[in-house]
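What follows is one structure encoded as structure tokens, with my remarks underneath.
The values are calculated or read from the model by the stated rules, or taken from the named source; none is laboratory data. In this text, all values refer to a predicted model and were calculated from it rather than measured experimentally. Here the Cβ positions follow ideal geometry from the backbone for every residue, glycine too, while neighbour counts run over all protein chains shown. Quick note on the areas: whole protein, heavy atoms, side chains included, nothing else; ligands and nucleic acids left out. Shrake-Rupley method; radii C 1.70, N 1.55, O 1.52, S 1.80 Å.
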Amino acid sequence: MSNSPRTVVITGGSRGLGAGIVQSFLDSGDRVASCSRSATDQVRLWEKEHGDRFLFVEADIADRTQSTAFAKAVIERWGSVDVLVNNAGVARDGILALFSDEDTDTVIDLNLKATIHLSRQIVRNMLAHDGGRIVNISSITGLTGYRGLTVYGATKAAIDGFTRALAREVGSRKITVNSIASGYLRTEMSHGLDDGQLNQIVRRTPAGRLGEPDDIARAVQFLVDERNDWITGQVLVIDGGLTC
Ligand SMILES: NC(=O)c1ccc[n+]([C@@H]2O[C@H](COP(=O)([O-])OP(=O)(O)OC[C@H]3O[C@@H](n4cnc5c(N)ncnc54)[C@H](OP(=O)(O)O)[C@@H]3O)[C@@H](O)[C@H]2O)c1
């Protein structure tokens, strides 16, 4: 791990939680590389304002060729990667009995297979350098289950298992691996929930509100702090107390 400025890779940084995490690392003075299938106005603004330390690649990371090209572009530009935040994810809702094979593949290909593929490439780079930090964004739905989110919940539970196993594999090489099991956030992804569902979630949440990207971004910063090398293999639940 190098001291600040660190090189930080964040998938799915064009909007939602990923954009909040990108902003947080730009604010802390780091070099940030991100990707998504298309750029947004926010991405173009970052390119204009922070072009010397912000790299954006249009890439569908569920496609292994594009994921490899993204990792290559980051490493060509900055050499070593200090932090990887596996944030890009997709949800498809619907009860399992009516769920399509296509939706099953879309969710598993991005949430699980793409996370594993990109992690493999970045871990190789971290092993060849001075360690690193990996944070996987999972979800409380992987812990508690949520009706209509069986496949999504399965991928998030799998990510937590991946986190624990990888933490054991790379711990002796100064790499930590943790998950954040996020509660419900006010992003486009939660637009799939209707008002009744959202109100019910808020009513049952001790903190009395949905989460904001910043609530999670601050926890990511904590987990990747170079002093926090004794926290690894953990699933940190951040959900306003919903599942406590
Ligand atoms: N929102 C919640 O309530 C909630 C709760 C718990 C956990 N999470 C997790 O938090 C993470 C972020 O969710 P969010 O709410 O911020 O979602 P979001 O608003 O839908 O944003 C998803 C981001 O991922 C990118 N993306 C989607 N498919 C991609 C692909 N194939 N390749 C590369 N990038 C891709 C999107 O850009 P493009 O569409 O342009 O590719 C976008 O930047 C996900 O892992 C999600 O499962 C969210």
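Just tell me which lysines come within less than 19 Å, Cα to Cα, of K72; anything on the same chain fewer than 8 places away is out.
Partners found: K113.
If DNA, RNA and ligands are ignored and the probe is 1.4 Å, what is the ranking of M189, M126 by accessible area, most exposed first?
Ranking M189, M126 by accessible area, largest first, yields M189, M126.
Does anyone have the angle between helix 195-204 and the longest principal axis of the chain? Alpha-carbon axes, 0 to 90°, nearest 10?
Between the helix axis and the principal axis of the chain, the angle is about 80 degrees.
Heavy atoms only, probe 1.4 Å: what % of the accessible area of the chain goes to carbon and sulfur, would you let me know?
The C+S portion of the solvent-accessible surface of the chain is 49 percent.
Whole-Hz ³J(HN,Hα) for each residue in the range 28-38, computed from phi via Karplus 6.51 cos²θ - 1.76 cosθ + 1.60 with θ = phi - 60°, x for glycine and proline: what do you get?
Karplus-based 3J(HN,Hα) across the range 28-38 equals 8, x, 8, 8, 10, 10, 9, 8, 6, 6, 8 Hz.
Would you check the accessible area of D52, probe 1.4 Å, heavy atoms only, in square angstrom rounded to 10?
So the heavy atoms of D52 present about 120 Å² to solvent.
Helix-derived [θ] at 222 nm for the chain: sum -39500 (n - 2.57) over DSSP H runs of at least 4, divide by residue count, nearest 500?
Only helices count here, giving -13500 deg cm²/dmol.
May I ask for the angle, rounded to the nearest 10°, between helix 150-170 and the longest principal axis of the chain, with both axes built from Cα atoms and the value confined to 0 to 90°?
The helix 150-170 is inclined about 30 degrees to the chain.
Ordering F222, F25 by how much accessible area each has at a 1.4 Å probe, largest first, what is the list?
F222, F25
Can you list the residues, at least 5 places off or on another chain, whose amide H is less than 5 Å from the amide H of L55, using H built in the peptide plane?
Result for L55 returns V32, A33, S34.
Would you rank R168, R204 by solvent-accessible area, highest first, keeping every protein chain in place and using a 1.4 Å probe?
Working: R168 210, R204 155 Å².
These residues rank, largest area first, as R168, R204.
Find the accessible area per residue for the range 7-238; the probe is 1.4 Å, ligands and nucleic acids are left out, and the unit is Å².
On a per-residue basis, 48 Å².
Taking 0.36 nm per intervening residue step and subtracting the Cα-Cα distance, what contour gain separates R44 from T106 on full extension?
Full extension from R44 to T106 adds 19.6 nm.
I need the Kirkwood Rh of the chain: take the reciprocal of the average 1/r across all distinct C-alpha pairs and report it in angstrom.
Hydrodynamic radius (Kirkwood, Cα only) of the chain equals 18.0 Å.
Just to be sure I understand the model, the point goes 7 Å from the Cα along the line to the Cβ. What's the resulting H191 to D52 distance in nm?
For H191 paired with D52, the spin-label model returns 3.7 nm.
Just want the answer: with Cβ charges of +1 for Lys and Arg and -1 for Asp and Glu, which residue in I175, V83, H117 is farthest toward the dipole's positive end in the range 7-238?
I175
Compute the long axis of helix 16-27 from its Cα atoms, compare it with the longest principal axis of the Cα atoms of the chain, and write down the angle in degrees, 0 to 90, nearest 10.
30
Kindly state, to the nearest 0.05, the FRET efficiency for L198 paired with T68, given R0 = 45 Å and r defined as their beta-carbon distance.
On the way: r = 38 Å, r/R0 = 0.85.
My answer for the efficiency is 0.75.
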